[in-house]
Amino acid sequence: MKFMMWHVDYFKATPADQGRSTLVGDSSSLDVKNALLFFISFEKSDNDDYVNIIDKAVNEIQSISSQLGVYTLVLNPYAHMFADLTDPGHAIKMLDLLEERLSQRNFKVYKMAFGRFYEIELKAKGHKLSRISRSIN
């Protein structure tokens, strides 16, 4: 699993086109303030141990959010930067589990639809922890 996180003053997203995937989630517009925006991809190597990987990701996300004092999260499935992606069915299952585990830790979680492109508008912060990437395995 890989992610890139941006700390944003605000993030707005409006559903636009459907992607190439045959699996497309329900989509709605988002408008959030002071959030951590995660661009997330899941890889084939995640499939066998995905529960453990999700748990590690939740711990890492909690550590980052605690440092920043931000507990609103936006999860954006984002396959465009990474290679060796898992299939859409596994990716959706892992994304749903990630959302569930973060919600259990009292994060306010917004999940963008899998297989959907959005028009986005954001204002990102510029401090030293405002852009973070991680590879979790």
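Could you give the length gained by full extension between HIS127 and LYS93, i.e. 0.36 nm per residue of separation minus their alpha carbon distance, to one decimal place?
8.9 nm
Please state, rounded to one decimal and in Å, the Kirkwood hydrodynamic radius that the stretch 2-135 gives when every pair of distinct Cα atoms enters the mean of 1/r.
Hydrodynamic radius (Kirkwood, Cα only) of the stretch 2-135 equals 15.0 Å.
Figure the gain on full extension for VAL51 and THR14 (residue separation times 0.36 nm, minus the Cα-Cα span) and round it to one decimal in nm.
10.3 nm
Over 26 Å between Cα atoms, which of LYS56/LYS128; LYS56/LYS108; LYS12/LYS125; LYS56/LYS123 qualify?
Distance filter (> 26 Å) returns LYS56/LYS123.
So if each residue of separation counts as 0.36 nm, and I subtract the Cα-Cα distance between GLN67 and LYS44, what length gain in nm does that give?
Gain in length upon complete extension: 5.2 nm.
Read the figures in this text as sums done on the coordinates, not as results from a lab. The structure displayed is predicted, hence computed values, not measured ones.
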